[in-house]
Amino acid sequence: MILPFKRLEIQNHSISKMLEIYCRNLVPSPHIDTPPPRKAISPSSDCDVSIIVPAYNVERYIKDCLTSLATQHSRYSFEIIVVDDGSTDTTPQLIDQCARHYDNIRVITQKNRGFSGARNTGLNHATGKAIMFVDSDDMVQPGHIEAFASALFNNKCDYVTGSYTRIREDGSIRGIGERPRTIGSPWGRIFRNVVWEKVRFPEGYLFEDTVFRYCIQPIYTELIIDDTSYEYRSRRSSISYTFKGSPRSIDTYWIIEELIDECRVLGIPLDQRLYARTIRQFGPIAYLRVSDLENDIQAAFFCCCSQLLNAIPEFQIYKYTIEGALAPIEKALLEGNYQMWRTACYFSQFC
């Protein structure tokens, strides 16, 4: 569909509203009115760490992942909870083989609920005093659990964050990941179980890891350690590749709308920090995800972001205080200036 406008400026209210409706009709909100029940995490006296591994159609990688976990040596006891999320390849058989060989692997099978649903199921069955997440196509190096658990249990913090090692699809090392780490994924971290007592991953959305930035980082204390023992595999079938250029990348907007509501439910203040985070989410992060979409769709997406930012009453007293490329991005969002937003987001990549 080609929308009936040519100008890139979207300051006219009627055009803006039309674009917002278009975007919402193109990719409706994935919001689930009746989300799956949340079970309280019940710590066991003999389990220090629960490691949650969501698995869906990862027959090429799952054995290496589980072996790297099950063979860890640590003074801390740990369980590995593998959630088979309705795999249709040989992943279930490979998981069962590993579970028969290693007695610290627990297997849960469910109908497909997506990455978030699998992680949430793992949380519902966790018994550890601490929680770790490992993606089923990744691996960990020897000493990973010991290093992270020791850092958590021997310091006054709620969660520990490390860096990571990048590996190729064949497992060969590409190099060390970013320092300091900016990726909000839960892997490469360890959390006290209290962090996840009320928080779950939003189901039905892409970019569900954004929950970390909105519902965990603002209220819990972090310890950063210089550890790269988590091996993150880059592969072309990952979400970051497969949804590049897809209308589903509009979930970048929907996940923020959902998490703003979740913050209110959890009593997390929508303060200056979350205002700044939202500017970043609707700025350079969003731009990278939607930049391959048709211009009309990008414009509609921008309208949704601009309307939401201006509609959050708690944000009206704040101003993003960092200069540089983000200042014009903020101005563009507040004024509904699509051309400024595109230009500022583009140049922010080089800052």
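The values are calculated or read from the model by the stated rules, or taken from the named source; none is laboratory data. Computed from a predicted structure; not experimentally measured. Cβ sites come from the backbone with ideal geometry, for glycine too, and all protein chains shown count toward neighbours. Accessible surface areas use protein heavy atoms only, side chains included; no ligands, DNA or RNA. Shrake-Rupley method; radii C 1.70, N 1.55, O 1.52, S 1.80 Å.
Does Leu309 satisfy the criteria of being of a type outside the set (Phe, Trp, Tyr) and in a loop (DSSP other than H, G, I, E, B)?
No; evaluated as a whole, the condition is false for this residue.
Among what's in the stretch 242-261 and is in contact (Cβ under 8 Å) with a residue 60 or more places away in the chain and out of contact with any Phe, Trp or Tyr (no Cβ under 7 Å at 6 or more places or on another chain), pick the residue that is most open to solvent (accessible area, probe 1.4 Å).
Here the residue is Arg248.
Consider Arg200 carefully, then state whether it is closer than 25 Å to Leu270 by Cα and open to solvent by 20 Å² or more (accessible area, probe 1.4 Å).
Here the answer is no, as Arg200 does not meet what is asked.
Consider only pairs whose beta carbons are under 8 Å apart and that are at least six residues apart or on different chains; among these, list those whose first residue lies in the stretch 169-186 and is over 15 Å from Asp226 (Cα atoms) and whose second residue is surrounded by fewer than 12 Cβ atoms within 10 Å (Cβ to Cβ).
Glu169/Arg236; Arg174/Arg168
Being more than 21 Å from Ala40 (Cα to Cα) and touching a helix residue (DSSP H, G or I) at 6+ places or on another chain (Cβ under 6 Å) narrows it down to one of Arg166, Arg213, Arg200, so name that one.
After applying the criteria, what remains is Arg213.
Mind checking which residues of the stretch 32-87 are touching a Phe, Trp or Tyr at 6+ places or on another chain (Cβ under 9 Å) and open to solvent by 80 Å² or more (accessible area, probe 1.4 Å)?
Tyr56
Specify the residue that is surrounded by the fewest Cβ atoms within 10 Å (Cβ to Cβ); the eligible residues are those in the stretch 111-131 that are in contact with a helix residue (DSSP H, G or I) (Cβ under 7 Å, 6 or more places away or on another chain) and closer than 13 Å to Trp187 by Cβ.
Per the stated criteria, the residue is Phe115.
Filter the stretch 312-339 down to the residues that are farther than 22 Å from Glu262 by Cα, modelled with pLDDT of 85 or more and not hydrophobic (A, V, I, L, M, F, W, C) and list them by number.
Across the stretch 312-339, the qualifying residues are Pro328, Glu330, Lys331, Glu335, Gly336, Asn337, Tyr338, Gln339.
What's the total number of residues in the stretch 143-176 that are of a type in the set (Gly, Ala, Ser), open to solvent by 10 Å² or more (accessible area, probe 1.4 Å) and assigned to a helix (DSSP H, G or I)?
Counting residues in the stretch 143-176 that are of a type in the set (Gly, Ala, Ser), open to solvent by 10 Å² or more (accessible area, probe 1.4 Å) and assigned to a helix (DSSP H, G or I) gives 3.
For the stretch 262-284: of the residues being surrounded by fewer than 17 Cβ atoms within 10 Å (Cβ to Cβ) and hydrophobic (A, V, I, L, M, F, W, C), which is nearest to Ile312 (Cα to Cα)?
Only one residue fits best here, namely Val265.
Return the pair list, or none, for Cβ contacts closer than 6 Å from residues in the stretch 212-227 that are of a type in the set (Asp, Glu) to residues that are open to solvent by less than 50 Å² (accessible area, probe 1.4 Å) and not in a helix (DSSP H, G or I), at least 6 apart or on different chains.
From the stretch 212-227, the pairs are Glu222/Tyr159; Glu222/Thr161; Asp227/Gly162.
If you take the residues of the stretch 285-302 that are in a helix (DSSP H, G or I) and open to solvent by 30 Å² or more (accessible area, probe 1.4 Å), which of them is modelled with the lowest pLDDT?
Asn295
Looking at the stretch 220-241 only, could you name the residues that are at pLDDT 90 or above, open to solvent by 40 Å² or more (accessible area, probe 1.4 Å) and among the aromatic types (Phe, Trp, Tyr)?
Tyr220, Tyr232
Identify, please: which residue in the stretch 88-110 is part of a loop (DSSP other than H, G, I, E, B) and closer than 24 Å to Tyr232 by Cβ and is, among those, most open to solvent (accessible area, probe 1.4 Å)?
It comes out as Thr90.
In the set Val199, Val211, which member is in contact with a Leu (Cβ under 8 Å, 6 or more places away or on another chain), under 30 Å from Gln141 (Cβ atoms), in a loop (DSSP other than H, G, I, E, B) and not basic (Lys, Arg)?
Just one listed residue meets the conditions, Val199.
Output the number of the condition that Leu19 fails; it satisfies all remaining conditions of (1) among the aliphatic types (A, V, I, L, M); (2) within 29 Å of the chain's Cα centre (by Cα); (3) open to solvent by 10 Å² or more (accessible area, probe 1.4 Å); (4) modelled with pLDDT under 95.
Against the list (1) among the aliphatic types (A, V, I, L, M); (2) within 29 Å of the chain's Cα centre (by Cα); (3) open to solvent by 10 Å² or more (accessible area, probe 1.4 Å); (4) modelled with pLDDT under 95, Leu19 comes up short only on (3).
Examine the stretch 178-194 for a residue that is open to solvent by less than 10 Å² (accessible area, probe 1.4 Å) and within 30 Å of Arg24 (Cα to Cα), and state whether such a residue exists.
Within the stretch 178-194, one or more residues are open to solvent by less than 10 Å² (accessible area, probe 1.4 Å) and within 30 Å of Arg24 (Cα to Cα).
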